[in-house]
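Peer 1: Before anything else, here's the structure in question.
The values are calculated or read from the model by the stated rules, or taken from the named source; none is laboratory data. All figures in this text were calculated on a predicted structure; none of them were measured in a lab. We place every Cβ from the backbone using ideal geometry, glycine too, and count neighbours over all the protein chains shown.
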Amino acid sequence: MPLHIPGYRRYVTLLVAVYAALWLALAITPFDRHDWMLENALVVAFGLGLWASHKHFIFSRVSYTLIFIYLCLHAVGAHYTYAEVPYEAWWQSLTGQSFNAMLGWERNNFDRVVHFSYGLLLAYPLREIFLRVADARGFWGYFLPLDFTLSTSALYELVEWGAAEFFGGDLGVAYLGTQGDIWDAQKDMACAGLGALLAMLITAALNAWLQHDFARDWSESLKIKDARPYGENEIARMLNEPRGPQR
């Protein structure tokens with residue numbers, strides 16, 4: 001088990017401690033306390049899920065590091081509200097130049113960066129789950145993390161919309177963070193999907209270089225494993241099966 005690998009437990013404990021310290025520091029005086037609470041609701045649920053499952057499923061150090069980086073970015077966004085993260089002021093104090101002007105941005109794009117990071121940083125941990133739980137192989141080991149990223153991004157946008165409608169007012173506007181862009185939800189999902197696609201392309205390139213049976217594994221994953229049609233045929237088969245104990 002990974003916990004018995006030298007330095008593994010210490011490394012994971014260090015990540016947890018650093019994140020907890022950052023989270024607590026940013027929790028003291030957030031820009032908008034109510035928005036901060038909304039932003040952290042899913043983080044608390046995610047953390048509880050990781051804790052509850054750690055006895056049965058332990059990620060690699062690579063995955064825990066990627067999760068840690070993403071959660072740190074989210075903690076910063078939750079502290080300031082995503083639309084108000086002062087990265088422009090930080091960059092100007094360091095370089096004397098405008099970061100937005102350098103990239104041609106006309107709005108605060110910290111939220112887009114974090115959506116992109118959601119795909120880029122969490123696609124690999126998702127891949128670990130699909131490989132080790134669903135036994136996904138070849139093509140499916142790269143496609144399913146991308147698919148899951150896009151579907152959960154869409155689900156989050158629906159939750160965000162629902163929360164904004166429910167709470168309304170300044171809190172709803174702060175949580176939604178569209179900044180007047182009518183295509184904000186679609187762009188957020190596109191950023192997440194692009195990040196996941198990039199992560200899976202990098203992973204596939206590394207595996208193609210290091211994995212001797214990469215081509216065969218990919219080919220086998222696309223072969224039909226059962227030529228029989230399902231649907232109504234499978235329903236009929238199940239209906240015709242004997243039920244209950246045989247006497």
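Peer 1: Starting from the range 22-48, take each residue that is without any contact (Cβ under 8 Å) to a residue 40 or more places away in the chain and list its partners that are buried (at least 16 other Cβ atoms within 10 Å of the Cβ) and not in a loop (DSSP other than H, G, I, E, B), counting only C-beta distances under 7 angstrom and pairs at least six apart or across chains.
Peer 2: Pairs that qualify, where the first residue is without any contact (Cβ under 8 Å) to a residue 40 or more places away in the chain and the partner is buried (at least 16 other Cβ atoms within 10 Å of the Cβ) and not in a loop (DSSP other than H, G, I, E, B), are ASN40/ALA78; VAL43/LEU71; VAL43/HIS74.
Peer 1: Another one. Hey, among the residues in the range 20-46 that are among the β-branched types (Val, Ile, Thr) and within 20 Å of TYR156 (Cβ to Cβ), which one's surrounded by the most Cβ atoms within 10 Å (Cβ to Cβ)?
Peer 2: VAL43
Peer 1: Assess whether ALA136 counts as being surrounded by 15 or more Cβ atoms within 10 Å (Cβ to Cβ), assigned to a loop (DSSP other than H, G, I, E, B) and aliphatic (A, V, I, L, M). Step through it out loud before you land on a result.
Peer 2: Details: surrounded by 15 or more Cβ atoms within 10 Å (Cβ to Cβ): yes; assigned to a loop (DSSP other than H, G, I, E, B): yes; aliphatic (A, V, I, L, M): yes.
Yes: the conditions hold for ALA136.
Peer 1: If I filter the range 54-76 down to residues being assigned to a helix (DSSP H, G or I) and of a type in the set (Val, Ile, Thr), which single residue comes out as surrounded by the fewest Cβ atoms within 10 Å (Cβ to Cβ)? Working first, answer last.
Peer 2: Step one: list which residues in the range 54-76 are assigned to a helix (DSSP H, G or I), which gives 61-76.
Adding the requirement that they be of a type in the set (Val, Ile, Thr) leaves 62, 65, 67, 69, 76.
Values: VAL62: 11, THR65: 17, ILE67: 19, ILE69: 16, VAL76: 15.
Filtering first and then ranking leaves VAL62.
Peer 1: Which of the residues spanning the range 145-168 are small (Gly, Ala, Ser), free of Cβ contacts under 8 Å to residues at least 24 places away in the same chain and assigned to a helix (DSSP H, G or I)?
Peer 2: SER151, GLY162, ALA164
Peer 1: Could you list, in sequence order, all residues of the range 77-87 that are assigned to a helix (DSSP H, G or I) and surrounded by 17 or more Cβ atoms within 10 Å (Cβ to Cβ)?
Peer 2: Residues satisfying the conditions are GLY77, ALA78, HIS79, TYR80, TYR82, ALA83.
Peer 1: So which residues in the range 103-137 are at pLDDT 95 or above and in contact with a Ser or Thr (Cβ under 8 Å, 6 or more places away or on another chain)?
Peer 2: Once the filter is applied, which keeps residues that are at pLDDT 95 or above and in contact with a Ser or Thr (Cβ under 8 Å, 6 or more places away or on another chain), the range 103-137 yields TYR118, GLY119, LEU122, ALA123, TYR124, PRO125, LEU126, ARG127, GLU128.
Peer 1: Can you go through TRP36, TRP91, TRP51 and tell me which one is modelled with pLDDT under 95, over 20 Å from the mean Cα position of the chain (by Cα), part of a helix (DSSP H, G or I) and not acidic (Asp, Glu)?
Peer 2: Only one candidate qualifies: TRP91.
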